[in-house]
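Visitor: Next up is a structure, given as structure tokens.
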Amino acid sequence: MRELFLAKCIDHIHDGLCNGLTRFSGPSRAALVYARDKDSPVRIYDPQELLRGHEPRLSELYLKDRRWAQDTTDEQGENPAQCRKMELTGLISYGGRFANMYHQMWFTEQHVDLCSTGPTERWLEYACRLLSQDLGTRSITDLETSGYVLQNFSTHAVRDHIVDVRNESLGPDTSLRVYPILEAVLNISKTQEEGKWPNGDLIFVEPNLVHRVHYLATFGEFERPAMKDVKHIRKLLQAVEGNKHKLVSDGQTIIGIGTGRMPDFSVVVEFRGRHGFIRVQEEAICSFADGGFHSSTRRANLVQLEEILLELNLDSSKIYTIMKAVGTLVRSAQERKHGCALVLDYGSPLANISGQHLESPLDLKRHMDLELATSLAKVDGALHIDMMYLKLNAFASLLDGRAVAAENRARGARYNSALRFTAEHDQVILVVVSSDRPISIIQHGSELKAKCDWAPRYQCLKEPLTLDQWIQESTS
């Protein structure tokens, strides 16, 4: 019964953790390595095979070395429950010794476009605490609650990381309350003014440091807008739109408009239209959009393209030049909120594509030509680029081909045309930028993804394998 209840606890925590992190960072897996008691064997719960490929390192950390069982403190000895992080490539970890659980270490994926690992670590920390708590209460009804809490933990994770960053330098006796700030940020981000989304910077300064700000203008003490007056603050943001000035707040009201260097460890909120970022000491903590917080940097993810270029055995300088030009074209399309498609052709001769051909191709290594190419990308159709010489041969190019199995009607004509075209032309790579979706890298009639799709598994009603059994299973 004890093992069955533990399995149910882990199931619910794992399910809530994966769902919550998926909303925050995109599709996310999680895994747990644990020992219930001091003399218990180390077990592993990894239903989505997140830790496959890390068997040698896990064996070294847990089976050949017992330091994990004694080492439950950081280097300063300030947190006696926390273990040192398990450094596994591409993963974020958090764990330690908590009540009712001798050792637990949670893992999840470190996405390539992560603003900061801090909020995710706080998420894993809370998973540790909830698992320990559920084992202590032994209440079946509490299990559903724990999973639900982890599904909706993004605001708390962001808040906890901001508090930790500030406390490290300012100490725990700070007066700036972070929860009301985060609530105000989301409310302002959803408020339009004359049909426009908010643009400009809002900075929250520790109340006893507001006198250090260089103000261009201040408001009377009894006329300062309260943070709950979202509509008023949205109007005031227009005064700092398109310049380097900032609205300054003490967390309770808007004090005025400041400029220049701001007090250290202030919370800076950058509104950028339909999205924005929260920063502390120049570190991007998270982004926000659509009424919620996210981990994404919102930059173009071109990792798959870079991998293809490496497979083509191009020298590093050529790869750098190609990535720089493609990155500029993609960012321009994203910022202007229009879709586009880039046909990167490395064939000799180039593929025959109908479109608006240029008598003299544009050299995308030249700034002026690249800038013109960003404007031509707005014209309906694809840009046809000679990848080896980095020259734009044509724009408004039409892509065609026979139907392929990978087509997705939900993705629109640009995406599906790219699938068809690349299925019939082995010498091209297509970069598709949709106005409302992430970047797609397409080759040989299929989209290249950073990770394989995985199917969730639920309700493991038996005790997880020991780590030794799990490693043996992978080698058999």
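Visitor: With a Cα-only, solvent-free Debye model of the range 109-181, what are the log10 I(q)/I(0) values at q = 0.18, 0.24, 0.27 Å⁻¹?
Guide: -0.83, -1.08, -1.18
Visitor: If you look for lysine pairs in the range 163-310 that are eight or more places apart or on different chains, how many of them have Cα atoms under 16 Å apart?
Guide: Within the range 163-310, the lysine pair count is 6.
Visitor: Running Debye on the range 179-314 with equal point scatterers at the Cα sites and no solvent, what base-10 log of I(q)/I(0) appears at q = 0.09, 0.15, 0.22 Å⁻¹?
Guide: With no solvent term, the Cα-only Debye profile gives -0.31, -0.70, -1.41.
Visitor: Ok, one more. Placing one identical point scatterer on every Cα of the range 334-434 and ignoring solvent, what is log10 I(q)/I(0) from the Debye formula at q = 0.11, 0.12 Å⁻¹?
Guide: Calculated log10 I(q)/I(0) at the listed q: -0.31, -0.37.
Visitor: Evaluate the distance, in nm, between pseudo-label points positioned 7 Å from the Cα of Tyr320 and of Val303 along their respective Cα→Cβ axes.
Guide: It is 2.2 nm.
Visitor: Kirkwood Rh, the range 225-379, all Cα pairs: how many Å?
Guide: The Cα-based Kirkwood calculation yields 19.4 Å.
Visitor: Sticking with this one: Mind giving me the nanometre distance, one decimal, between the label points for Lys235 and Gln192, set 7 Å out from Cα along Cα→Cβ?
Guide: Those two pseudo-labels are separated by 1.9 nm.
Visitor: Moving on. If the range 157-202 were replaced by its equivalent ellipsoid, with semi-axes equal to the square roots of 5 times the Cα gyration tensor eigenvalues, what would those be, largest first, whole Å?
Guide: 28, 10, 8
Visitor: Now, a different point. Give me D for the range 314-386 in µm² s⁻¹, whole number, from Stokes-Einstein with Rh from the Kirkwood sum over alpha-carbon pairs, 37 °C and 0.692 mPa s.
Guide: Estimated diffusion coefficient is 252 µm²/s.
Visitor: Between Ala413 and Lys365, what FRET efficiency follows from the Cβ-Cβ distance if R0 is 25 Å, with the result rounded to 0.05?
Guide: Plugging the Cβ-Cβ distance into 1/(1 + (r/R0)^6) gives 0.20.
Visitor: Please report the Cα spread of the chain along all three principal axes, rounded to whole Å, starting with the longest.
Guide: Principal axes ranked by extent give 75, 74, 39 Å for the Cα atoms.
Visitor: A further question follows. Would you calculate a helix-derived [θ] at 222 nm for the chain, using -39,500 (n - 2.57) for each DSSP H run of n ≥ 4 and dividing by the full residue count, to the nearest 500?
Guide: Calculated at 222 nm, the ellipticity per residue is -10500 deg cm²/dmol.
Visitor: Moving on. Mind checking which lysines have their Cα closer than 30 Å to the Cα of Lys391? Skip sequence neighbours fewer than 8 apart in that chain.
Guide: Cross-link targets: Lys318, Lys324, Lys337, Lys365, Lys378, Lys449.
Visitor: Still on this model: Over the C-alpha atoms of the range 267-340, what are the Rg and the largest Cα-to-Cα span, Dmax, in Å?
Guide: Gyration radius and largest Cα-Cα distance of the range 267-340: 15.5, 45 Å.
All of the numbers you see were taken from the coordinates with simple rules; none came from a lab. What you are looking at is a predicted structure, and each value in this text was computed from that prediction instead of being measured. A quick note on method: Cβ atoms are made from the backbone with ideal geometry, for glycine too, and the neighbour counts reach across all protein chains shown.
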